[in-house]
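Novice: Before I ask anything, let me first share the structure, which is written out below as structure tokens.
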Amino acid sequence: MAVEGNANDLAQVVVLLAAGVAAAPIFKRIGLGSVLGYLAAGLVIGPFGLGAFSDPQAIIHIAELGVVMFLFIIGLEMQPSRLWSMRKDIFGLGALQVIICIGGLTMIGVVFGYPVIFSFVAGTGFVLTSTAIVMQMLQERGSLSTLKGQRIIAILLFEDLAIVPLLVLVTFLGAGGEEVAMSERLLSFGIALAATVALVFAGRYLLNPLFRLLAASGAREVMTAAALLVVLGSALLMQVSGLSMAMGAFLAGVLLSESAFRHQLEADIEPFRGILLGLFFLGVGMAIDLSVIATNWKIVVVGVIAYMLVKALLIYSVARLVGTCQREAIERAALMAQGGEFAFVLYSAAATAGILNAEANAVLTAMIIISMILTPLMVIVHDRVMPAAKPNTDGLELPENVEGSILIIGFGRFGQIVSQPLLARGYMLSLIDKDADFVRDAADFGFKVYYGDGARSEILHAAGAATARAVLICVDDKEAAVRIAEIVKHEFPLVPVLARAFDRGHAIDLVKAGVDYQIRETYESALDFSEKVLASVGERQEIAESLVEEFRDVDAERFAMEVVGGIYAGRSLVRGNASPADLVAARTARERAEREAREEAEQDG
């Protein structure tokens with residue numbers, strides 16, 4: 001029987017992994033995002049789908065550790081000084097949004113005729129945004145480190161802090177307004193404070209010595225275990241003291257953010273975080289009770305629409321009130337309009353306190369889950385409906401009848417280095433770039449850069465391409481570079497065109513577009529690096545130089561073959577380490593070079 005039980009458990013694990021592995025890439029590939037894929041997969045394998053699982057809540061409780069680990073990793077990126085700089089957003093913007101949303105969402109229930117206390121609890125559950133969904137979507141959109149992403153993180157942090165007083169308030173309301181003994185209040189506050197102080201003390205004085213000791217042992221698995229111990233231990237300490245597990249993990253991350261082991265910790269935790277967060281979304285999808293939704297579908301539909309619409313409007317209003325631009329305010333509203341996983345805890349506490357009955361708890365929970373499912377769809381609609389952001393060109397000067405000896409298109413790090421010897425020789429440079437912010441910043445370093453897109457012929461004419469002695473294409477966009485090269489050679493066929501290539505394939509495309517010279521941006525630096533490596537392992541300087549020059553000749557021959565026959569045409573000229581014959585040939589060449597060098601030295605002597 002035990003064997004059968006173990007086999008069944010293993011089968012469920014296999015089903016979970018198979019569902020996640022199949023759904024996430026498919027949904028991401030079709031543009032719906034991995035979160036929606038996990039949610040849909042959970043619904044398919046859950047009690048109301050294939051029935052592979054009967055207790056999704058058990059999976060959610062375990063997978064909530066993914067949210068905990070996510071916040072630990074976020075904490076590792078938040079040095080105390082950086083967190084202190086966010087205090088206005090956390091306790092200002094975060095508090096303002098939470099308070100206004102609580103008031104507005106409570107009024108929804110009152111308007112529909114529900115008691116005030118019931119309406120307060122139902123609305124407050126929607127105030128607490130899903131940290132897991134929003135963080136995952138910020139990461140997928142590459143917005144975690146941006147200012148708008150940091151403001152959203154600040155609001156989420158305040159909501160995590162708010163769960164504690166909200167739970168206390170729900171317990172108080174469920175007690176019928178009876179006074180809670182002052183000694184009990186002081187005891188709860190003292191336990192929470194003591195746990196926080198203990199965690200801060202351990203983070204500052206104990207964890208770094210511990211990791212140094214473990215690192216000295218050389219056991220990688222012990223370091224991984226220690227990283228998990230820190231995350232789960234801090235989360236458990238905060239939970240036992242009545243605070244949020246996620247806040248405990250976040251605080252531990254912040255305390256270790258300036259540690260020498262920060263990157264090692266992040267690398268150890270990341271795989272567990274990703275898997276558990278995916279399981280969390282699978283569990284949420286499985287938790288959708290279709291029978292409750294079918295029985296109360298009118299309430300569910302109206303409730304979800306009302307709560308999400310009102311919350312989105314309130315978030316937008318708060319954002320605009322504090323001076324946020326309209327575009328960012330709309331995006332924040334789309335990302336944060338759903339309820340969150342902490343609502344499950346709040347509604348459960350309210351049911352225990354007698355504020356919600358079992359049916360109301362199930363209906364509200366279903367509404368929260370549906371709102372979480374709808375969020376990725378709302379963001380997709382937002383991205384497709386909202387027009388692309390236009391750069392702010394106020395105060396920027398467009399090129400007009402500019403005359404210069406050399407035109408540089410794209411003045412990033414590559415173009416800046418190219419410009420220095422030219423300026424030292426006294427050449428007049430005409431510089432254009434289409435990054436408005438960079439054009440402004442370049443003025444602080446003494447550069448006159450015009451705002452313009454080098455792929456537009458009228459901009460090229462205005463920037464002086466017709467009279468330039470050379471046009472240098474230094475943009476970091478492969479497709480744009482080829483397009484610019486084609487336009488320049490068509491409009492100004494007698495002007496030499498030199499281009500920066502991203503890689504070998506891009507270099508071939510540029511040659512076919514007609515450029516007179518191209519260079520892969522890493523080519524010379526890699527050869528110089530290789531020459532220094534040869535010298536550092538004991539090779540004589542003349543041998544190192546000879547080997548590099550030999551490669552230049554072979555590479556030039558290979559590139560000429562590839563321009564005609566494609567990227568694989570010169571494959572036979574590539575030295576590899578997989579074949580012993582290649583190694584023998586390389587060793588023979590090295591010995592020949594050494595012998596020739598010795599003979600030359602003897603003749604000179």
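The values are calculated or read from the model by the stated rules, or taken from the named source; none is laboratory data. Only a predicted model underlies this, so the values are computations on that prediction, with no experimental measurement involved. We place every Cβ from the backbone using ideal geometry, glycine too, and count neighbours over all the protein chains shown. Protein only, heavy atoms only, side chains kept; ligands, DNA and RNA dropped before computing areas. Shrake-Rupley method; radii C 1.70, N 1.55, O 1.52, S 1.80 Å.
Novice: Filter region 106-134 down to the residues that are among the β-branched types (Val, Ile, Thr), in contact (Cβ under 8 Å) with a residue 60 or more places away in the chain, out of contact with any Cys (no Cβ under 6 Å at 6 or more places or on another chain) and closer than 14 Å to Met308 by Cα and list them by number.
Specialist: Matches in region 106-134: Ile108, Thr124, Thr129.
Novice: Considering only residues that are open to solvent by 10 Å² or more (accessible area, probe 1.4 Å) and of a type outside the set (Val, Ile, Thr), look in region 115-135 and name the one that is farthest from the chain's Cα centre (by Cα).
Specialist: Pro115
Here's the yes/no breakdown for (1) modelled with pLDDT under 90; (2) within 27 Å of Ser419 (Cβ to Cβ):
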site: Arg500; (1), (2): no, yes
site: Asp503; (1), (2): yes, yes
site: Tyr517; (1), (2): no, yes
site: Tyr523; (1), (2): yes, yes
site: Leu527; (1), (2): yes, yes
site: Glu539; (1), (2): yes, no
site: Glu542; (1), (2): yes, no
site: Ser546; (1), (2): yes, no
site: Glu550; (1), (2): yes, no
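Novice: Among the helices (runs of 4 or more DSSP H) contained in region 308-406, which hold 2 or more residues that are at pLDDT 80 or above and more than 26 Å from Ile155 (Cα to Cα)?
Specialist: In region 308-406, the matching helices (runs of 4 or more DSSP H) lie at 358-385.
One line per residue, one yes/no per condition, for (1) modelled with pLDDT of 85 or more; (2) in contact with an Asp or Glu (Cβ under 6 Å, 6 or more places away or on another chain); (3) more than 25 Å from Arg558 (Cα to Cα); (4) among the aromatic types (Phe, Trp, Tyr):
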| residue | (1), (2), (3), (4) |
| --- | --- |
| Ser419 | yes, no, yes, no |
| Lys434 | no, yes, yes, no |
| Phe445 | no, no, yes, yes |
| Val511 | yes, no, no, no |
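Novice: Taking the criterion of being under 17 Å from Ala306 (Cβ atoms) and either open to solvent by 40 Å² or more (accessible area, probe 1.4 Å) or more than 20 Å from the chain's Cα centre (by Cα) (or both), would at least one residue in region 382-390 satisfy it? First the steps, then the outcome.
Specialist: The first filter runs over region 382-390 and keeps only residues under 17 Å from Ala306 (Cβ atoms), leaving none.
So far as region 382-390 goes, no, none of its residues is under 17 Å from Ala306 (Cβ atoms) and either open to solvent by 40 Å² or more (accessible area, probe 1.4 Å) or more than 20 Å from the chain's Cα centre (by Cα) (or both).
Novice: Checking Leu166 against (1) under 25 Å from Pro376 (Cα atoms); (2) crowded, with 21+ Cβ neighbours inside 10 Å, only one condition comes out false. Which one?
Specialist: For Leu166, the exception is condition (1).
Novice: Restricting attention to region 457-474, and to residues there that are open to solvent by 30 Å² or more (accessible area, probe 1.4 Å) and in contact (Cβ under 8 Å) with a residue 24 or more places away in the chain, which single residue is nearest to the chain's Cα centre (by Cα)? Spell out how you get there, then give the answer.
Specialist: Taking region 457-474 as the starting set, the residues that turn out to be open to solvent by 30 Å² or more (accessible area, probe 1.4 Å) are 457-458, 461, 466-467, 469.
Next cut, in contact (Cβ under 8 Å) with a residue 24 or more places away in the chain only: 457, 461, 466-467, 469.
Values: Ser457: 36, His461: 40, Ala466: 43, Thr467: 45, Arg469: 43 Å.
Per the criteria, the residue is Ser457.
Novice: Taking region 89-131, which residues are more than 21 Å from Arg332 (Cβ to Cβ) and among the hydrophobic types (A, V, I, L, M, F, W, C)?
Specialist: Met107, Val110, Val111, Phe112, Val116, Ile117, Phe118, Phe120, Val121, Ala122
Novice: Moving on. Quick one: Ser143 ticks every box in (1) surrounded by 15 or more Cβ atoms within 10 Å (Cβ to Cβ); (2) in a helix (DSSP H, G or I); (3) at pLDDT 75 or above except a single one, so which number is it?
Specialist: With respect to (1) surrounded by 15 or more Cβ atoms within 10 Å (Cβ to Cβ); (2) in a helix (DSSP H, G or I); (3) at pLDDT 75 or above, Ser143 is out only on (2).
Novice: Right, here's the next one. Are any residues in region 150-201 among the acidic types (Asp, Glu) and either assigned to a helix (DSSP H, G or I) or at pLDDT 75 or above (or both), and if so, which ones? Give the steps one after another, and end with the answer.
Specialist: Applying the first criterion (among the acidic types (Asp, Glu)) to region 150-201 yields 159-160, 178-179, 184.
Those that are among the acidic types (Asp, Glu) and either assigned to a helix (DSSP H, G or I) or at pLDDT 75 or above (or both): Glu159, Asp160, Glu184.
Novice: Now, a different point. Pull up region 313-354, narrow it to residues that are among the basic types (Lys, Arg) and touching a residue at least 60 places away in the same chain (Cβ under 8 Å), then point me to the one that is nearest to Met372 (Cα to Cα).
Specialist: Only one residue fits best here, namely Arg332.
Novice: For Ala7, which of the numbered conditions (1) open to solvent by 10 Å² or more (accessible area, probe 1.4 Å); (2) out of contact with any Pro (no Cβ under 9 Å at 6 or more places or on another chain); (3) at pLDDT 70 or above fails to hold?
Specialist: (3)
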